[in-house]
């Protein structure tokens, strides 16, 4: 027996035992700690034999497992002990294919599928609880994201159009998927953990969903909850700090080869934001906070809107670079950064990745956009917030804006 065959048999046996142990502990009458390892070994043996006798051996083995499952179900029905659901049957068929994958030398596939199967089987209570917590609105949001990511994205052309070939429909929509996915993930986490979360988590989730939306929500609620002004200020600063975490993550996605060069000044600004937040957080009242929901951030309309903004920023940045040089990029960043950091970051990162602009220009464009974004959010508070919130937020927000300006002016390179 070859070394590869021994590995295949060992992997199949281990994964079969794992799934069989879970099924027996769950009280399944169809199969347990002995049946599932045997099914997995059958899959491995059939795959090993198929290497010399043809793939029909695997098909015959699968048919045999299906027959065994049917006979087992008929026996349970005859004994008037039918098991509700099809989980064990599906697991039996899947564990056979896991054994077959291992026998075919696809060890990583076998390990991943076998492990995921065991985790899904064991997580029944947790998964059912999650499903109960997800309402109709959340379900619609998830399927809207599926439409955006798995239906629309694959059919878009992956080629450049317009100035410098910067308008690429596939890459533009991929950025839409990235931004919407971040917001949806934060929303789902918020929903699963319950509405009453601490100030820290409220700021983190609010920043992932939308720091601007968080600021608007805080400004409006401050009129009704003046005693919580300090905590709300911390929420705004943490959410604003999370913008820079998103910026670093988006640069890593769109320009990984330039990330180490772009990271230091932006990481310094991230540190400043969280240092300011930490000072307020240690003295704040940490009663439950409610991060804002994502609103229509997963709607197709909102996705198309962001895609258009991103595409316009890309084209405007390319044209500004051609017509006015670096100064044009700074003007685009200052204006578009007022409302949308994602589009500025992603478009600038792509320009840097293509070496259409140098690294120093790229991070300064992003930093200018972030400073513009901070000014815009402070303007929201000045417009919508009460006097107490304005006074409390003025010092940390001014400090953050000045820190950004200092990095822009004095950072070397």
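The values are calculated or read from the model by the stated rules, or taken from the named source; none is laboratory data. All figures in this text were calculated on a predicted structure; none of them were measured in a lab. Positions of Cβ are backbone-derived with ideal geometry, glycine not excepted, and every protein chain shown enters the neighbour counts.
Worth pointing out:
- Close pairs (9 angstrom Cβ cut-off, 6 or more residues apart or separate chains): touching a residue at least 60 places away in the same chain (Cβ under 8 Å) in the range 35-62, surrounded by 21 or more Cβ atoms within 10 Å (Cβ to Cβ) and outside any helix (DSSP H, G or I) anywhere: 39/31
- Single condition residue 321 does not satisfy, out of (1) under 23 Å from residue 258 (Cβ atoms); (2) at pLDDT 60 or above; (3) more than 25 Å from the chain's Cα centre (by Cα): (2)
- Residues satisfying the stated conditions in the range 159-174, i.e. at pLDDT below 70 and under 19 Å from residue 345 (Cβ atoms): 164, 166
- Residue match in the range 56-71 (condition: at pLDDT below 90 and either surrounded by 12 or more Cβ atoms within 10 Å (Cβ to Cβ) or not assigned by TED's automatic domain parsing to the domain that holds residue 107 (or both)): yes
- Options 109, 116; residue that is assigned by TED's automatic domain parsing to the domain that holds residue 9, part of a helix (DSSP H, G or I) and surrounded by 14 or more Cβ atoms within 10 Å (Cβ to Cβ): 109
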